[in-house]
Amino acid sequence: MELAYYSDYAVRLVNSEDPARGQDSLTSVEAVRDLFGAGQEAGRRATDADVTRFRSVRARLRAVFEAADQSDETLAVNLLNSLLLEFPVSPQISGHDFRDDDGRPLWHMHLADHPSNATAGYAAIAAMGLAFHLTEYGVDRLGLCEAAPCRNAYLDTSTNRSRRYCSDRCATRANVAAYRARKRLEADRSANSGRTADTAQRTAASGER
């Protein structure tokens with residue numbers, strides 16, 4: 001499994017909350033386990049205490065995305081480094097699930113489950129994945145959706161660094177809103193031009209009298 005895969009852990013956790021709408025899906029042990037994905041042994045260790053701990057890690061990960069979104073590279077790196085120090089990873093060489101044509105393992109780096117608790121394991125994986133993404137592609141590849149009020153996190157993997165929205169749905173909504181705003185502006189300008197023309201005609205007619 002490539003380390004880049006683990007960056008999605010950070011995005012999933014950050015997007016479990018929608019601050020602008022006051023929505024939070026991270027309210028139960030089951031929600032914590034869902035973040036790990038189906039079949040993940042680490043998620044089965046989750047307890048009620050992990051709900052609060054996950055929320056704390058989530059706030060710190062969102063702060064990384066917010067700093068990146070504001071082009072504060074140093075702050076983003078410092079915040080991420082603090083997570084890496086607090087939640088160190090346990091790398092292992094693995095060959096499970098991947099075989100070559102001869103049936104031999106395709107060795108790759110894998111982040112082992114953290115033994116202490118579910119939060120520590122998830123935080124370690126999410127922070128390491130995000131750190132890998134940041135150092136490999138640049139801090140400007142960490143973004144927050146520009147389709148207000150949505151502020152979901154996303155990782156920009158486009159070839160020209162052009163991504164601005166967390167999903168196609170938000171991109172469409174933003175484009176429609178921009179189109180309607182342009183139409184309103186054009187209508188206002190047309191109305192103002194019409195009123196200006198009427199005023200000029202009345203002024204001219206008054207002068208002729």
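The values are calculated or read from the model by the stated rules, or taken from the named source; none is laboratory data. What you are looking at is a predicted structure, and each value in this text was computed from that prediction instead of being measured. Counting neighbours? That spans all protein chains shown, and the Cβs are built from the backbone with ideal geometry, glycine included. All accessible areas refer to the heavy atoms of the entire protein, side chains included, with ligands and DNA or RNA removed. Shrake-Rupley method; radii C 1.70, N 1.55, O 1.52, S 1.80 Å.
Here is how the numbers come out for the structure above:
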quantity	calculated
Region 24-68: number of residues that are open to solvent by 60 Å² or more (accessible area, probe 1.4 Å) and in contact with a Gly (Cβ under 7 Å, 6 or more places away or on another chain)	1
Candidate set: region 1-23, residues that are surrounded by fewer than 14 Cβ atoms within 10 Å (Cβ to Cβ) and in a loop (DSSP other than H, G, I, E, B); chosen: the one modelled with the lowest pLDDT	Met1
Check on Asp101, under 21 Å from Pro19 (Cα atoms), of a type in the set (Asp, Glu) and open to solvent by 50 Å² or more (accessible area, probe 1.4 Å)	no
Leu130, sole failed condition from (1) in a helix (DSSP H, G or I); (2) open to solvent by 20 Å² or more (accessible area, probe 1.4 Å); (3) in contact with a helix residue (DSSP H, G or I) (Cβ under 9 Å, 6 or more places away or on another chain); (4) among the hydrophobic types (A, V, I, L, M, F, W, C)	(2)
Test: Ser71 is over 17 Å from Gly37 (Cβ atoms) and open to solvent by less than 50 Å² (accessible area, probe 1.4 Å)	no
Qualifying residue in region 76-94 (condition: within 18 Å of Thr135 (Cα to Cα), surrounded by fewer than 16 Cβ atoms within 10 Å (Cβ to Cβ) and under 16 Å from the mean Cα position of the chain (by Cα))	no
